[in-house]
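J.: My questions all concern the structure below.
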Amino acid sequence: LAFQKQSGLDQNQAVALLGFIARLTRQKGVELLISLLNNQMLKQFQVVILGTGDKNLETQLRNIAGRFSSNVAVNLGFNEMTAHRIYAAADFMLIPSLFEPCGLTQMIAMCYGAIPIGSAVGGIKDSIVDGKSGFLFHPVTFNNFSTAVKKSVALWQDKSAFNLMQQHVMARDFSWDKSALKYRDLYRKILV
């Protein structure tokens, strides 16, 4: 509620809060996000956006936020503190990238308990297990993206199931601890 108030959104605990933190470029799927925000589904959730990039995309997002100010907050530019607040407040993190060599957004989101909704590309599909630690969609189309968002909103409405997935994502370990041990074991195996 405090974050909704700070962001200028309606203070409403009856809707899920979706976050989007990225460069505003075609690669990051901003066109899909814009289509989602212009869709009638918007009444079912709120979206807070942080990013900077393509001026045309910035203008479109600013216009949408003006039309739907109770449900959409747009922060143009980048501010580390705002990013952390979004991760902490969001129920879900939107990651509709067209391609993504690695991607950190989903891993950061999981640490905060924000369940990722991402396209099944690159590092996103390597770090999200569909239906267990987030939602994946492929191919990267608006219909598939909106279906994944609908699934997430349905999950959010089932508080028990949502809490279970949230606990699962927060328990994920993306540290170097496991990888370092695997490299050590591999090096030992090579030396034998």
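The values are calculated or read from the model by the stated rules, or taken from the named source; none is laboratory data. Everything numeric in this text was worked out from a predicted model, so none of it was measured. Heads up, the Cβs are rebuilt from the backbone with ideal geometry, glycines too, and the neighbour counts pull from every protein chain shown. The area values use the complete protein model at the heavy-atom level, side chains included, leaving out ligands, DNA and RNA. Shrake-Rupley method; radii C 1.70, N 1.55, O 1.52, S 1.80 Å.
J.: For the chain, what is the mean residue ellipticity at 222 nm derived from helices alone (per DSSP H run of n ≥ 4: -39500 (n - 2.57); sum divided by total residues; nearest 500 deg cm²/dmol)?
T.: Theoretical 222 nm ellipticity from helices: -15000 deg cm²/dmol.
J.: If I compute solvent accessible area with a 1.4 Å probe over the protein chains, what percent of it on the chain is carbon and sulfur?
T.: Values: 5460 of 10020 Å².
Ligands and nucleic acids excluded, carbon and sulfur give 54 percent.
J.: In square angstrom, what is the accessible area per residue of the chain with a 1.4 angstrom probe?
T.: Averaged over the residues of the chain, the accessible area is 52 Å².
J.: Now for a different question. May I ask which of 28/189; 150/182; 125/189; 28/132 have a Cα-Cα span longer than 31 Å here?
T.: Cα-Cα > 31 Å for 28/189; 150/182; rest within.
J.: Going by average Cβ neighbours within 10 Å, how do the peptides 23-32, 178-187 rank, with the highest at the top?
T.: 23-32, 178-187
J.: Using all Cα-Cα distances in segment 47-92, what percent lands in each 10 angstrom bin from 0 up to the longest?
T.: Bin by bin from 0 Å, the calculated values are 27, 52, 21.
J.: Alpha carbons only, please: Rg and Dmax for segment 21-147, in angstrom.
T.: Reported Rg and Dmax, both Å: 13.4, 37.
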